[in-house]
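In what follows, a single structure is set out as structure tokens and then discussed.
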Amino acid sequence: MADSSSSSPATNKLWGGRFAAGPAAIMERINASIGFDKILYRQDIAGSKAHCAMLVKQGIIPAADGAAIQAGLDRVLAEIEAGQFEFRVDREDIHMNVEARLAELIGPSAGRLHTARSRNDQVATDFRLWLRDAIDQLDIDLKALQAALIARAEEHSGTILPGMTHLQAAQPVTLGHHLLAYVEMLGRDRGRFVDARKRLNENPLGSAALAGTPYPIDRDLTSQLLGFDRPTANSLDAVSDRDFALEFLAGASILGMHLSRLAEEIVLWCSDRFRFIRLSDAFSTGSSIMPQKRNPDAAELVRAKVGRTLGNFTALMMVMKGLPLAYSKDMQDDKEPVFEAVETLSLSLAAMTGMIGDMQVQNAAMQQATLGGFLTATDLADYLVMQLGVPFREAHHITGRAVALAEARGVRLDELELSDFQTLHPEIRQDVHSVLTVEGSAGARQSFGGTAPDRVVAAVAQAKARFL
């Protein structure tokens, strides 16, 4: 006689004790996507309304049924937005939840809505519509961060701090110039999203399951009604393509990296070693044990988020990498990475915009930091080249000796005497001291894209025209 416990659902070792109902419960849970794809409800209903209008116009379904469907879909939308709609796991996804409720509201006419389409082209359409809206909102958020950076750059067009390479003091730069570098990065991020939006703005609806449909549909009409530029050209590609999501996630990862770099600067600048800026309590936290601490937690959290965004890109790439044409159920895992990335970026952009507006620039600390590191050494080399005609490599060597001399005496370059300089090159004149101040150094960088304060003022005006 067999052990009765081996067939008991509650103790079935194959499926685990958590799933008391056995395989059916597990299948329902792994198969259902309503827990996350309900976010697509507006796009799903908009797609259904456009599809219905096309079916009526083409004489594929009766006008009376079309009118009932349209009214029913409006009611479903109202119920969802009023919080009165029951999303049911047994109906798997947003498409079946909407369609089932439509049938409850208007009866058999609801069954005509799915004519000449499949959930394969339906979800591809919904997803593109949702991501298009998300990109539009992210562009607004990116523009707001650029505006905050540009405003602070304009305010600090002449504020000088050490520019760095290898995190070592290198040359004097203006804070405005430094902040405008991030404006350029964000501008490229916006451009990537704009490009991605153009490529995703094609309409899969009407591709059906994979091969198209024998009904006399008008895909140009549904494209027009939904704001797509054109229908997708190949039905197999239309239902199985997720390049648009991958392209978005790739751009999102680059944006996340840019935000992480800016966040790292804020963390450094807030530190006791720099003290270049101060964040208010709105963007700082204290320590549970050390009462003196002010931690730039908002910046640190933004810095961390790129890992999740890049992980989302990698996750979707792995989902798609081995799939044959056309649709496979693997692709149900396409949406959560995108949804999470959009939410993460939206929050990060809001936090960063707030921090840029909030940060209090500590001019005195920045000025003090420019006094070390021999920041004007390159200016001495440039003086030798431009004023005395010394070849740059020789000028570089002379300057290195000047730095060594100043370092040995414990003074700055501009504190060396003229006689000291003349021991290095006899033709150096008194005017050498005028090029060795940090103000003179920054002001001399007049080349296009340079750090000179008047260049920054011009760059601010150009950035406003380009981005705002």
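In the range 69-101, the residue that is nearest to Gly35 (Cα to Cα) out of those that are open to solvent by less than 30 Å² (accessible area, probe 1.4 Å) and among the small types (Gly, Ala, Ser) is Ala100.
The numbered conditions (1) modelled with pLDDT of 95 or more; (2) surrounded by 20 or more Cβ atoms within 10 Å (Cβ to Cβ) are all true for Met185 except (2).
Results for (1) assigned by the TED database to the domain that holds Glu154; (2) aliphatic (A, V, I, L, M), shown as yes or no for each residue.
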residue: Gln360; (1), (2): yes, no
residue: Thr378; (1), (2): no, no
residue: Phe392; (1), (2): no, no
residue: Thr399; (1), (2): no, no
residue: Val432; (1), (2): no, yes
residue: Ser447; (1), (2): no, no
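Can you confirm whether Gly311 is free of Cβ contacts under 8 Å to residues at least 40 places away in the same chain, small (Gly, Ala, Ser) and not in a helix (DSSP H, G or I)? Judged against the criteria, Gly311 is not a match.
Residue check, Ala25 against (1) among the hydrophobic types (A, V, I, L, M, F, W, C); (2) modelled with pLDDT of 95 or more; (3) under 25 Å from Glu336 (Cβ atoms), all met but one. Which one? Against the list (1) among the hydrophobic types (A, V, I, L, M, F, W, C); (2) modelled with pLDDT of 95 or more; (3) under 25 Å from Glu336 (Cβ atoms), Ala25 comes up short only on (2).
Within the range 442-449, is even one residue touching a Pro at 6+ places or on another chain (Cβ under 6 Å) and open to solvent by less than 50 Å² (accessible area, probe 1.4 Å)? Yes, the conditions are met somewhere in the range 442-449.
Residues that are over 12 Å from Leu221 (Cα atoms) and of a type in the set (Val, Ile, Thr) within the range 27-60 comprise Ile30, Ile34, Ile39, Ile45, Ile60, listed in sequence order. Checked against the criterion of being of a type in the set (A, V, I, L, M, F, W, C), more than 30 Å from Ala369 (Cα to Cα) and either without any contact (Cβ under 8 Å) to a residue 60 or more places away in the chain or in contact with an Asp or Glu (Cβ under 8 Å, 6 or more places away or on another chain) (or both), the candidates Leu167, Leu205 yield just one match: Leu205.
Inside the range 28-62, residues that are modelled with pLDDT under 95 and not in a helix (DSSP H, G or I) make up a count of 2.
Within the set Gly158, Gly187, the sole residue that is part of a loop (DSSP other than H, G, I, E, B), within 30 Å of Trp269 (Cβ to Cβ) and not polar (S, T, N, Q) turns out to be Gly158. Taken together, the residues in the range 420-441 that are in a loop (DSSP other than H, G, I, E, B) and open to solvent by less than 80 Å² (accessible area, probe 1.4 Å) amount to 4.
One residue alone among Gly158, Gly206, Gly212 is on the phi > 0 side of the Ramachandran plot, open to solvent by 10 Å² or more (accessible area, probe 1.4 Å) and in contact with a helix residue (DSSP H, G or I) (Cβ under 6 Å, 6 or more places away or on another chain), and that residue is Gly212. Being touching a strand residue (DSSP E or B) at 6+ places or on another chain (Cβ under 8 Å), open to solvent by less than 20 Å² (accessible area, probe 1.4 Å) and over 30 Å from Asp65 (Cα atoms) is true of Gly163. Identify all residues within the range 413-444 that are touching a residue at least 40 places away in the same chain (Cβ under 8 Å) and either within 17 Å of Leu161 (Cβ to Cβ) or aromatic (Phe, Trp, Tyr) (or both); write none if there are none. Listed by number, the residues that qualify are Thr437, Val438, Glu439, Gly440, Ser441, Ala442, Ala444. Look at (1) assigned to a helix (DSSP H, G or I); (2) in contact (Cβ under 8 Å) with a residue 40 or more places away in the chain; (3) crowded, with 16+ Cβ neighbours inside 10 Å and you find that Val267 fails only one, number (2). Looking at the structure I just gave you, is Arg455 part of a helix (DSSP H, G or I) and either within 43 Å of the chain's Cα centre (by Cα) or among the polar types (S, T, N, Q) (or both)? Considered against the rule, which asks whether it is part of a helix (DSSP H, G or I) and either within 43 Å of the chain's Cα centre (by Cα) or among the polar types (S, T, N, Q) (or both), Arg455 comes out as yes. Within the range 360-373, which residues are surrounded by fewer than 21 Cβ atoms within 10 Å (Cβ to Cβ) and part of a loop (DSSP other than H, G, I, E, B)? Hits for the range 360-373 are Gln362, Leu371, Gly372, Gly373. Restricting to the range 63-117, and then to whatever is under 23 Å from Ala209 (Cβ atoms), assigned to a loop (DSSP other than H, G, I, E, B) and among the acidic types (Asp, Glu), can you tell me which residue is nearest to the chain's Cα centre (by Cα)? Among those that are under 23 Å from Ala209 (Cβ atoms), assigned to a loop (DSSP other than H, G, I, E, B) and among the acidic types (Asp, Glu), it is Asp93. Whenever a residue of the range 82-105 is over 17 Å from Ala71 (Cα atoms), its partners that are among the hydroxyl-bearing types (Ser, Thr, Tyr), lying with C-beta atoms within less than 8 angstrom and at least six residues away or across chains, give the pairs Glu92/Ser33; Asp93/Ser33; Ile94/Ser33; Ile94/Tyr41. Residues that are surrounded by 12 or more Cβ atoms within 10 Å (Cβ to Cβ) and either hydroxyl-bearing (Ser, Thr, Tyr) or without any contact (Cβ under 8 Å) to a residue 40 or more places away in the chain (or both) were ranked within the range 320-330; the one that is nearest to Ala124 (Cα to Cα) is Tyr327. Annotation for the range 118-132: no member residue is in a helix (DSSP H, G or I) and over 30 Å from Gly72 (Cβ atoms).
Looking across the range 27-59, the residues that are open to solvent by 60 Å² or more (accessible area, probe 1.4 Å) and within 11 Å of Ile94 (Cβ to Cβ) come down to Gly35, Lys38, Ile39, Arg42.
The values are calculated or read from the model by the stated rules, or taken from the named source; none is laboratory data. Just so it is clear, the structure is predicted and the values come from calculations on it, not from any experiment. Positions of Cβ are backbone-derived with ideal geometry, glycine not excepted, and every protein chain shown enters the neighbour counts. Quick note on the areas: whole protein, heavy atoms, side chains included, nothing else; ligands and nucleic acids left out. Shrake-Rupley method; radii C 1.70, N 1.55, O 1.52, S 1.80 Å.
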